[in-house]
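First comes the structure, then the notes that go with it.
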Amino acid sequence: MVDAVLLVLREVLEAALIMSLLLALSHKLQLRFRWSLSALFLGLMGSWILAQYTYEITDAMDGTGQELLNAVLYFSVVLSVVVLSVLILPLAFAPPLATHRRTPDSPESGSRHKLIYGLFIIIVSFSVAREGSEIWIYLSGFTNQSDMISSVYIGAAIGAGIGVSLGAITYYAFAFMHKKYFVPVFLLVITLLAGGLSMQIAKQFLQIGLLNSTAPLWDSSFLVNEHSWLGELLYALLGYDARPAPIQGVFYLLTVSPILLAWVWHTWRLRANTHE
Amino acid sequence: MKRIINSTAFVYLFFCAIAYAEVPTFTIEIRDHLFFPSQLIIPANTKVKLIVINRDATPEEFESYELNREKVIMGGAKAIIFVGPLVPGDYPFFGEFNPKTAQGIIRVEN
């Protein structure tokens, strides 16, 4: 049963953290939360469908179907996160969120909100689909073992519960953050998260041999071991890897640079404006 | 348009050919939630192709933190996983769906 708890916890945690972060952002931006219901529904449906077609997906593209599909899912999430970060980055330079009035009548803000909702839905539903499918596949292996099946289901429920609880803690930690700190901290965390996901994309290509790995950049397992609970938590949140391959570093930088550049550009523009 | 599709397919297959060309291949089987062999020796500093065949009816996930590899293998299916080049050492792997029994180690030797 403990195996079931840990496995489901790991998968749920990855999706729950992303969802909590976006819900907190949604709350701070005074947006509606209904997107999360659509995202969850689409994600769960998607995860079910992916699980049903696993044989076909695995055999597709000469046995590389699984990795390629994972890469596409991760890439969509990473791209959406980068676009979202660049969109909300100006808020870090604007007056405090308290004075940021939502203007529901202005069409410009309406279409911007639609885009943000769309990005939220893509990020959450794709993440839930990706992690959820693995849970369904895992559970499907026990349908013929009636003696184990109940303990597996209970373990899965416990694991899911813990994952959701950790997500809830994350949500409240961010939602109750002081307005001044929220956007910068959120941007930092979401950028690191996107970086971690981009390393996953590289990992998929390494696995099918489309990319070549060389010696790892470093080995930080003496600091934080991937098997420890801290290592697992950092993996879920930031994609922590104790032995990252150089190409993973490249993907990381490629993902993080647009956000960094946007930050630098806004800082420069702010300085230029205040000097006039 | 047809030319674009043709050249994309060609480039893709070209990369696949590079990926699959002349790489030492090793096979691991999963039977009764155990890995056979549970200890595999592979050459150091060489890209290696692992073929993992799941002889069980239930799915398994081949996973290794040290090797940085993770793949779901359905019952009766096989998976191709590339590892390396690796420096000499021990790289444990496990079956995430049955971690208590499905354990193995890849020993990289010169």
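Since every read-out is calculated from the coordinates, none of them should be taken as a lab result. This one's a predicted model, so the numbers in the text were calculated from it and none came from an experiment. Positions of Cβ are backbone-derived with ideal geometry, glycine not excepted, and every protein chain shown enters the neighbour counts.
Which value, in Å³ per residue, describes the convex hull spanned by the Cα atoms of chain B?
111
Give the average, rounded to an integer, of partner chain Cβ atoms located within 10 angstrom of each Cβ in A:211-217.
For this peptide, the per-residue mean of nearby foreign Cβ atoms is 4.
Pairs to check: A:114/A:179; A:114/B:2; A:28/A:114; A:28/B:71. Give those whose C-alpha atoms are more than 26 Å from each other in this structure.
Cα-Cα > 26 Å for A:114/B:2; A:28/B:71; rest within.
Could you list log10 I(q)/I(0) for the range B:64-110 at q = 0.18, 0.20, 0.33 Å⁻¹, which the Debye formula gives when each Cα is one point scatterer?
One equal scatterer on each Cα of the range B:64-110 leads to -0.61, -0.74, -1.33.
For chain A, find the longest principal axis of its Cα atoms and tell me its angle to the long axis of helix A:229-238, 0 to 90°, nearest 10.
50
If you split all Cα-Cα distances of the range A:1-52 into 5 Å bins from zero, what percentages do you get per bin, shortest first?
Calculated P(r), rounded to whole percents: 4, 17, 19, 22, 18, 11, 6, 2, 0.
For the range A:212-228 and the range B:46-93, write down the distance between their C-alpha centroids in whole Å.
Using only Cα atoms to place each centre, the spacing works out to 18 Å.
Between the helical axis of A:146-175 and the dominant principal axis of chain A, each derived from Cα atoms, what acute angle in degrees is found, rounded to the nearest 10?
10
In nm², what is the average projected area of the convex hull enclosing the Cα atoms of the range A:98-239?
13.6
Which angle from 0 to 90°, rounded to the nearest 10, does the C-alpha axis of helix B:2-20 make with the longest principal axis of chain B?
30
Excluding residues fewer than 8 places away in the same chain, name every one of the lysines whose C-alpha is closer than 20 Å to that of residue B:78.
Excluding near neighbours in sequence, the set is A:203, B:47, B:49.
I need to check one value: relative contact order of the range A:1-155, counting alpha carbon pairs closer than 8 Å and at least 6 residues apart, in percent.
Relative contact order here is 47 percent.
Dipole of the protein assembly as shown, Cα-centred, from +1 at each Lys and Arg C-beta and -1 at each Asp and Glu C-beta, to the nearest 20 debye?
1620
Could you tell me which of rounded, prolate or oblate describes the range A:121-188, using a ≥ b ≥ c as the square roots of the eigenvalues of the alpha-carbon gyration tensor, with rounded for a/c under 1.5 and, failing that, prolate when a/b is larger than b/c and oblate otherwise?
It comes out oblate by the Cα gyration axes.
Step by step: find N for the range A:1-155, compute 2.2 N^0.38 Å, then divide the Cα radius of gyration by it. What's the final number?
1.26
Taking only the C-alpha atoms, wrap a convex hull around chain A and report its volume per residue in Å³ as a whole number.
155
Have a look at A:64, A:270, A:174 and report the one farthest towards the positive end of the charge dipole of chain A, computed about the Cα centre with Cβ charges (Lys/Arg +1, Asp/Glu -1).
Positive-most Cα among the choices belongs to A:270.
Starting from the coordinates of the alpha-carbon atoms of the range A:156-276, obtain the Kirkwood hydrodynamic radius over all distinct pairs and give the value in Å to one decimal.
16.9
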